[in-house]
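Heads up: the structure comes next, in structure tokens.
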Amino acid sequence: MSFLVTLLTSTPYILFPQSLVGRLVGIVWWLALAAFSISLLRRSSQYNRPVQDQKKAVLGGLLFAVPLTSLFFGLHFPSDTILVTGQVISWMLLSALPWVLAAGILGPLSAAGLAAFSGLLLALWNTHNAFTIVEFPLFAIGFSLAVQQRYRTSFFQYLRHPFVSALLLALFYPYIDLLNLVILVDANLTTRIEMGLLGVGQSAIASGGALLIAALISEGVARLFPSMWGQRDGIQLSPAERSLQTRFFFRAGPLAAIIFVMVIAGTWVLTKNAYRSLIRERMSNIAGLAAEFVPHYLETGGNLINRIAADPRLRESDAETLPIILAEDMRSFPFFRRLILLDKTGNLTAKYPALEYDPAIAPPDEQVGIQLALNGVPSQAYSIPADLPTQTAQLSFITLVSDESGEMQGVLIGRADLEGHPLLQPLWSAFEGLEEEGGKAILLDEHGRIVFHTASDAAFTSYTSPISDAAGFFEEVEPSMTRQYVYYQPVAGQPWVVILTMPALRAPPFVLGVIIPMLVIILLLSGAAVIVFRFGLQSATHSLEDLAVHAGNLAQGHFDATLPTERNDEVGRLNRAFEQMRLSLKAQMEELNRLLLVSQGVASSLELDEAVRPVLQAALDMGACVARVVISSTVLPELGGNGQAPIRFGLGASGEAFSSFDEQILALTRQQDKLVLNNPTRPRLLTFDPGAPRPQALLAAALRHENQYYGSFWVAYDQPHIFSDSEVRFYVALANQAAIATANARLYLNADIGRQRLAAILASTPDPVLVTDQQNRLLLANPAAMRAFGIGAEWDEGLPVDQVVAQEDLLGLLKSNQEEKSSIEVALKDGKVYSATASSVVTDGQLVGRVCLLRDITSFKNLDSLKTDFVATVSHDLRSPLTLMRGYATMLELVGELNEQQSSYVKKIIDGVERMNHLVSNLLDLGRIEAGIGLDLAMIPIYEVVEKTVGALQVQATQKRVKVKIEAPHQTIPLLEADQELLLRALYNLLDNAIQFTDSGGQVVISLEASPDRMLIKVRDTGMGIAPVDLPHVFEKFYRGAQQLGKTHRGTGLGLAIVKSIAERHGGRVWVESQLGKGSTFFLSFPLRQLKGGSASEKTEK
């Protein structure tokens, strides 16, 4: 195999069969392939992609690439197809790439066109086979359909991979190519098949190899550009999923094909082995015949030459008489063709016939034999070239001519031909028969020279193949790439060898004589089987289609169409089962329709007597003479009157006559859910009054719903009746409906009572109450709310809350999505101030609305205002006396020396005055802050304020051994717009509070956290913590928790209230998180920038 640059160096032509019949068959087959390809293109038109813009460029590039890939760059190797086309086949490596890419990108039509173009070029310059032009489009269409299809089964999913499709096509290609080659050859059927088998191998490698290389490249293109490759439509059902017949043939077809191939292949192998054995046996017989005749021939020649040499006349006659004697001896012994007599010096004495002979120019082997004879060697035989070019080699028999005393007198030479010798006639006949069948026969002498060959021009040439000492049969390949059988047989007793050869035909006539009839029989049987199975499956599938139609009718609620049930086979049994199912479904649908009417009647009313009436009527429609529902008085006391007798509902002519059984059945169904009495008198479960009518059949079921027992539902027949399973199920379903009706009635009564109670409570409460839904629509407003907001008595439920509430703060509270409770103070139009508290209503994790309660705090606000004014006045009036008291107390030491007790009294006076002064200062600060005096705003570096506060309290912390630590973020802390004095006061109070309530050895941490619009200050201590009961009140004025009530911690209860007021004045807020025994964390949040044009306290963070 060698690399090939281009095919253009060879002459383009296309071979056609020479005979008229061959041409007609070839044309018909060519047109059949073309028609089949066109038919496939029409059927696969949906897989063709529109050739627009980018696709046009792709098609143009692939069209330009066809000549380059088809005529350039390949491998060529001597092929067996030399017997068919007289040329060598070349494997053009990329010849399939353009149409393979077009098959996946553009569709089957473009791929077929490019493949036809490529096939034409390869047919002219490579294969010289006209069928190549139609083979390639056929495979291009098949490949395109394989990679473009969108069937969902796993087989078709694998088939969408280019390499898998190409591999299957490459396996299928040799069969099409073999048929094409058989049609192309002009010969008998045996020769056609033999030539086809010789040519298909390399041709399949060339085409299949190019297809696989193109598929590998296409696999990469499909992965790199998935949007361009194949179809992107939805997944479809495969043909096998849509039809049972198709599924059967789809699954049985490959199995049948495998069996067919295995049978043919097995028969082929067996018959070919038998043929090989026959050939071997025949060659063995011929070789055995040759091995038997050749020694006999040599022995006979030696004996006859010795008898002639013993003739005394050869020693006694003169030179003129000797030729006559030799002629007589030849006639007496017609073995030799020539006799030559030499004297004892080796000179010619006589010869017959009188042909030219010179011992000096005799063949070398004969000269050696003469010399050995002159030296006393008695008898010899040598193979020498023939005298005439038309003959094969001849044998030279040499012996001594001696007198009576044994003294050598001369040398006698007898020459005899091999070919045509009468003694070897049976052997020549066998060789001729072998030659007629294409075989060859060869005889080798002791020097390995060919002394006989059926091809006369090879006689007396050297045999170049290895020579063995043992017989053997083997197969070898000749230089012409044809195989042949060789039988090797050494001649016993002689250093000669017999070699026989026979062509090893790939399709011997013997094998074809067995295979072709078997193939025809199998094809006929397969066709008959397909027809039989098709009609058989068609009958079954028609029955299934009928069942499918009936199933569709059942699915649509049509239960009147019947199925034939006369057949007794599987289809008949299936029809009967289907008919039984239809009748059962029809009965069930009628039962469901009755239950649907009952359920609709039950759901149409919440009044119990109206809700159970459809249940009772449905029971009477089933044939019962009476139907009753008995409700326990403890379940619905509102309807039970005295609470002792059960509640009864009944229909039927015998209702009153059978009502005496109500209490008994109610007691029985309390113990068991279902009671079926086909003969009520036999089990003795019921007590019958003498002379009273008795039911002939009775069925009772307990009324239970969500594990709650409500009562009993029962029906009775005045005629003997056996309850079927379907009747029992129906009556139990009616009992369930009655239980649902009872449960609904109970829920309705309870809900109505609860609604009335709630309405009374809301009407009596003096506080306004508003309820809204998740869409901020007003659902409920009590009379107090209607008065407060001016809502008329005829307001519509679902009114938007914006049309009712005008206060923005209250609207924000009602529309908030916060789940926790939140409160604000709001002033309404009537001049009253309300504390509005709203909380979310959450059901199953979903917000369904808000409830807002407004409490009138007008009087409390007035009292608080009076208290504030009083405290401010008192505090101002106390400041001067306190200053005077402190002054005089400090001056007592100047009057005279005080003793220890006096000094202690003075110190206590000064401490009390200081505490009073601190309290007065706090009250005044709180009053100033609450009075709304304007803020002195400035851009403050918060970190410096924190450091200043820590520095002011560091001595106090050190004395108490409390560690104070500041934690600030690594990034730059933004400036805070605030009143620096108030901010410093708030931080001072928080830090002083934390140090005061942290035990010795504890720690207080101040941390800063900045967000885009807010500043958060945290003061965390490790102190005693705050009790949960105190947490809601820690920021109230004058409130002191349980911890502060002891003597250890004293305070005014105003520090945290001042912090809260400062935070709210800046639009921020303060809150605390604490746990007893672990410490507290106070959070102080400020906006980075204060709002302009209004008080920040009005926008305090909620």
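Listed here are the residues, each with its yes/no results for (1) assigned to a helix (DSSP H, G or I); (2) free of Cβ contacts under 8 Å to residues at least 40 places away in the same chain.
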site	(1), (2)
PHE533	yes, no
GLY536	yes, yes
HIS550	yes, yes
THR565	no, yes
ASN568	no, yes
ARG573	yes, yes
ALA577	yes, yes
MET581	yes, yes
MET589	yes, yes
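Among the residues of segment 243-280, what is the count of those that are among the basic types (Lys, Arg) and more than 22 Å from GLN538 (Cα to Cα)?
Adding up the residues that qualify gives 3.
Is it the case that some residue within segment 47-65 is modelled with pLDDT under 85, in a loop (DSSP other than H, G, I, E, B) and surrounded by 22 or more Cβ atoms within 10 Å (Cβ to Cβ)?
Scanning segment 47-65, I find no residue that is modelled with pLDDT under 85, in a loop (DSSP other than H, G, I, E, B) and surrounded by 22 or more Cβ atoms within 10 Å (Cβ to Cβ), so the answer is no.
Let's see how each residue does on (1) assigned by TED's automatic domain parsing to the domain that holds PHE335; (2) within 26 Å of GLY472 (Cα to Cα); (3) surrounded by fewer than 17 Cβ atoms within 10 Å (Cβ to Cβ):
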residue	(1), (2), (3)
ALA265	no, no, yes
ASN273	no, yes, yes
ALA290	yes, yes, no
GLY302	yes, no, no
ILE305	yes, no, no
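Output the number of the condition that SER726 fails; it satisfies all remaining conditions of (1) among the hydroxyl-bearing types (Ser, Thr, Tyr); (2) surrounded by fewer than 18 Cβ atoms within 10 Å (Cβ to Cβ); (3) in a strand (DSSP E or B).
(3)
If ALA210 satisfies every condition in (1) at pLDDT below 65; (2) crowded, with 19+ Cβ neighbours inside 10 Å; (3) within 24 Å of TRP91 (Cβ to Cβ) but one, which is the exception?
Every listed condition holds for ALA210 apart from (1).
Within segment 674-722, which residues are free of Cβ contacts under 8 Å to residues at least 60 places away in the same chain, outside any loop (DSSP other than H, G, I, E, B) and hydrophobic (A, V, I, L, M, F, W, C)?
Residues satisfying the conditions are LEU675, VAL676, LEU677, ALA697, LEU698, LEU699, ALA700, ALA701, ALA702.
How many residues does segment 764-775 contain that are free of Cβ contacts under 8 Å to residues at least 60 places away in the same chain and within 21 Å of VAL841 (Cβ to Cβ)?
The number of residues fulfilling the criteria is 2.
Restricting to segment 798-823, give me the number of residues that are outside any loop (DSSP other than H, G, I, E, B) and farther than 16 Å from ALA785 by Cβ.
Total meeting the criteria: 6.
Please specify each residue of segment 274-294 satisfying the condition of being within 23 Å of LEU424 (Cβ to Cβ) and among the aromatic types (Phe, Trp, Tyr).
Residue satisfying the conditions is PHE293 alone.
Out of segment 644-673, which residues are under 60 Å from the mean Cα position of the chain (by Cα) and not in a loop (DSSP other than H, G, I, E, B)?
Result: LEU668, THR669, ARG670, GLN671.
Against the definition (out of contact with any Leu (no Cβ under 9 Å at 6 or more places or on another chain), closer than 13 Å to GLY414 by Cβ, assigned to a helix (DSSP H, G or I) and of a type outside the set (Lys, Arg)), how does GLY302 come out, yes or no?
So GLY302 passes the test.
Scan segment 730-742 and tell me whether some residue there is over 23 Å from ARG594 (Cα atoms), among the hydrophobic types (A, V, I, L, M, F, W, C), in a helix (DSSP H, G or I) and in contact with a helix residue (DSSP H, G or I) (Cβ under 6 Å, 6 or more places away or on another chain).
Within segment 730-742, none of the residues are over 23 Å from ARG594 (Cα atoms), among the hydrophobic types (A, V, I, L, M, F, W, C), in a helix (DSSP H, G or I) and in contact with a helix residue (DSSP H, G or I) (Cβ under 6 Å, 6 or more places away or on another chain).
Tally time: how many residues in segment 573-611 are more than 30 Å from ASP752 (Cβ to Cβ) and not aliphatic (A, V, I, L, M)?
Of the residues in segment 573-611, 14 are more than 30 Å from ASP752 (Cβ to Cβ) and not aliphatic (A, V, I, L, M).
Run down PRO614, PRO637 and say which single residue is at pLDDT 90 or above and either over 22 Å from GLN719 (Cβ atoms) or small (Gly, Ala, Ser) (or both).
Criteria check complete, one pass: PRO614.
Which strands (runs of 3 or more DSSP E) sit wholly inside segment 922-1019 and have at least 3 residues that are modelled with pLDDT of 85 or more and under 29 Å from LEU1076 (Cβ atoms)?
Qualifying strands (runs of 3 or more DSSP E): 963-967, 1003-1010.
Going through segment 426-441 one residue at a time, which ones are surrounded by 13 or more Cβ atoms within 10 Å (Cβ to Cβ) and part of a loop (DSSP other than H, G, I, E, B)?
Listed by number, the list holds a single entry, GLY439.
The values are calculated or read from the model by the stated rules, or taken from the named source; none is laboratory data. Every value quoted in this text rests on a predicted model; they were computed, and no experiment measured them. Glycine also receives a Cβ, built like all others from the backbone with ideal geometry; neighbour counts cover every protein chain displayed.
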